[in-house]
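Q: For reference, the structure I am asking about is given below.
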Amino acid sequence: MFYPADRIDLSGMIDQLLSRSKEMAEFRNIIGVIVPHAGYIYSGYTASFAFNAIKRDGRRKFVLVGPKHSGYPYGTYFYPEGEWETPLGNCRIDEDALNYLHSIRNQIRASAEAFSEEHSIEVQVPWLQYIFKDDCEILPISMGDQTIERAAELAPVLAGLHQGRIIVASSDLTHYEPAKEADAKDSEMIKAIESLDMVSFYSTMERINASACGYGPIASLMLLTRKMNGRIKLLNHSNSGDSSGDYSSVVGYASFVAYQE
């Protein structure tokens, strides 16, 4: 539903998207990225900026944090074991990261069910497989409960996992509003995200009645970045109308990089 099922077609699409944003600035000491999770034809160009940053960094282990759109199960969960299969092959679950989670006291629990019928993390995996020729590992984390309290709980866990890994927070922005209104709301959210003020981010979301779907993963990365004295910078912003030509009802997309200067 979100990318080609054929290996050659999928590889060709990712390659073409990465080539369009390859001249972007280079970032050192990357903490994480924020990427959209819509169909590649709509959000792939925006996502490619973040994945080009990842490509230049070279690390091959990733913590993928995404929302559970259904909200069920209502909690924060990690995928327990094994591999994820895509048209580009099988991507291993990071066993060292699993061992770390099992060794600490936290509210995150193992559940394969939390990832069923959910695309927000899945759509990130082929990018990583393509860039690293299937030599990469992931730890998927699903947030059904995205309250500020749960985001604050997750941030120190991500801090423990960050060594040797990049955090990938998955979210789209405004949903199904005219482009002018969607862009205005996205602009306010972007400013709040770059401020690293998690309380301001949640209050902005409430004030503008925002419909961003992965605000919990974003907030956790914001808090981690703040504690590491880093910055979050917008890489690219777009909306679905830029691809479809229909600006009457769009979804907004943005990619960011979190880094230490």
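Q: Restricting region 82-94 to residues that are part of a loop (DSSP other than H, G, I, E, B), more than 19 Å from the chain's Cα centre (by Cα) and in contact (Cβ under 8 Å) with a residue 24 or more places away in the chain, which is surrounded by the most Cβ atoms within 10 Å (Cβ to Cβ)?
A: Our first condition is that a residue be part of a loop (DSSP other than H, G, I, E, B); within region 82-94, this holds for 82, 87-88, 94.
Filter once more, so that each one left must be more than 19 Å from the chain's Cα centre (by Cα): 82, 87-88.
Next cut, in contact (Cβ under 8 Å) with a residue 24 or more places away in the chain only: 87-88.
Numbers: Pro87: 15, Leu88: 19.
Looking at the filtered set, the residue picked out is Leu88.
Q: Same structure, new question: When the residues of region 95-114 are filtered to those that are in a helix (DSSP H, G or I) and farther than 16 Å from Ala155 by Cα, which remaining residue is farthest from the chain's Cα centre (by Cα)?
A: If we filter region 95-114 for residues that are in a helix (DSSP H, G or I), which is where we start, we get 95-103, 113-114.
Subset that is farther than 16 Å from Ala155 by Cα: 95-96, 98-99, 102-103, 113-114.
Values: Glu95: 21, Asp96: 21, Leu98: 19, Asn99: 23, His102: 23, Ser103: 25, Glu113: 20, Ala114: 17 Å.
Checked region 95-114; the qualifying residue farthest from the chain's Cα centre (by Cα) is Ser103.
Q: I'd like to know if region 40-52 contains one or more residues that are closer than 21 Å to Leu154 by Cβ and modelled with pLDDT of 95 or more.
A: Of the residues in region 40-52, the ones closer than 21 Å to Leu154 by Cβ are 50.
Those still in the list that are modelled with pLDDT of 95 or more too: 50.
Checked against the condition, which is being closer than 21 Å to Leu154 by Cβ and modelled with pLDDT of 95 or more, region 40-52 yields at least one hit.
Q: Could I ask something else about it? Could you tell me how many of the residues in region 236-260 are closer than 18 Å to Ile54 by Cβ and surrounded by fewer than 23 Cβ atoms within 10 Å (Cβ to Cβ)?
A: Selection size over region 236-260: 3.
Q: Then there is this: Condition first: under 17 Å from the mean Cα position of the chain (by Cα), among the charged types (D, E, K, R) and more than 16 Å from Tyr259 (Cβ to Cβ). Now tell me which residues in region 186-225 satisfy that.
A: Of everything in region 186-225, just one residue is under 17 Å from the mean Cα position of the chain (by Cα), among the charged types (D, E, K, R) and more than 16 Å from Tyr259 (Cβ to Cβ), namely Asp186.
Q: Still on this structure: Output the residues belonging to region 200-228 that are small (Gly, Ala, Ser), touching a helix residue (DSSP H, G or I) at 6+ places or on another chain (Cβ under 8 Å) and part of a helix (DSSP H, G or I).
A: If the condition is that a residue be small (Gly, Ala, Ser), touching a helix residue (DSSP H, G or I) at 6+ places or on another chain (Cβ under 8 Å) and part of a helix (DSSP H, G or I), then Ser200, Gly216, Ala219, Ser220 are the ones that fit.
Q: Here's a follow-up. Return only the number of the condition from (1) out of contact with any helix residue (DSSP H, G or I) (no Cβ under 9 Å at 6 or more places or on another chain); (2) polar (S, T, N, Q); (3) surrounded by 21 or more Cβ atoms within 10 Å (Cβ to Cβ) that Asn99 does not satisfy.
A: Exception for Asn99: condition (3).
Q: Inside region 121-152, can you point out the residues that are out of contact with any helix residue (DSSP H, G or I) (no Cβ under 6 Å at 6 or more places or on another chain), assigned to a helix (DSSP H, G or I) and either surrounded by fewer than 17 Cβ atoms within 10 Å (Cβ to Cβ) or among the aliphatic types (A, V, I, L, M) (or both)?
A: Within region 121-152, Val123, Val125, Leu128, Glu149, Ala152 meet the criteria.
The values are calculated or read from the model by the stated rules, or taken from the named source; none is laboratory data. As the structure is a computational prediction, the values presented were derived from the model and not from experiment. With ideal geometry, Cβ positions are generated from the backbone for all residues, glycine too; neighbour counts draw on all protein chains shown.
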